[in-house]
Amino acid sequence: MELKVDISGDKELVKKLLQLEATVARMAIREALKAGAEVIAEEARQNAPVETGNLRENIGLEKESVTKTGGSYKIGPSKKAFYGLFVEMGHPIVVGGRRTAKKKPGRVVGFVPPKPFLRPAFDSRKAEAEKVVRDKLKQLIEQAVK
């Protein structure tokens, strides 16, 4: 999941943001986006199925890109919980080896149903995350302008 927030509708905020030095603007955007992404990540942690606790403990944030006028964060399982995608989307149960082009394909004997935790977190908390980003950005810009 990626959190992207469009602030172009708030003309006063955009005007102040563009007046800031590039490094200050990037820092403000990075901090504001991180605060908003954390809202969704926390909900995903709450929603994650718990067998060992590893998946829940390894849902985090990763900065994708940050510029003077925007940016994005990825929200999801870290490498320690790589299987989070399989939990979210479901997966086939294969017997007799992996299904690859080089090997004789295994036989699919069933399917593990999805247990979504990321998408519901994103859908239920997106508006709140956007508000957190806007409020935090406004606060940081006001501090920088003073």
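The values are calculated or read from the model by the stated rules, or taken from the named source; none is laboratory data. Because the structure is a prediction, the values reported are computed rather than measured. Neighbour counts are summed over all protein chains in view; Cβ atoms, including those assigned to glycine, are modelled from backbone coordinates with ideal geometry.
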- Task: Tell me which of these D123 doesn't satisfy, since it passes every other one: (1) over 22 Å from the mean Cα position of the chain (by Cα); (2) in a helix (DSSP H, G or I).
- Result: (1)
- Item | Options I40, I7: the member that is modelled with pLDDT of 95 or more, touching a helix residue (DSSP H, G or I) at 6+ places or on another chain (Cβ under 9 Å), surrounded by 13 or more Cβ atoms within 10 Å (Cβ to Cβ) and closer than 19 Å to R134 by Cα | I40
- Query: Conditions: (1) at pLDDT 95 or above; (2) within 27 Å of R30 (Cα to Cα). P116 meets all but one. Number of the miss?
  - Reply: (2)
- Item | Any hit, the range 61-70, residues being in a helix (DSSP H, G or I), surrounded by 14 or more Cβ atoms within 10 Å (Cβ to Cβ) and modelled with pLDDT of 90 or more | no
- Message: Restricting to the range 77-113, and then to whatever is farther than 24 Å from N47 by Cβ and part of a strand (DSSP E or B), can you tell me which residue is modelled with the highest pLDDT?
- Response: G110
- Task: Answer with yes or no whether E12 is modelled with pLDDT of 95 or more and in a helix (DSSP H, G or I).
- Result: no
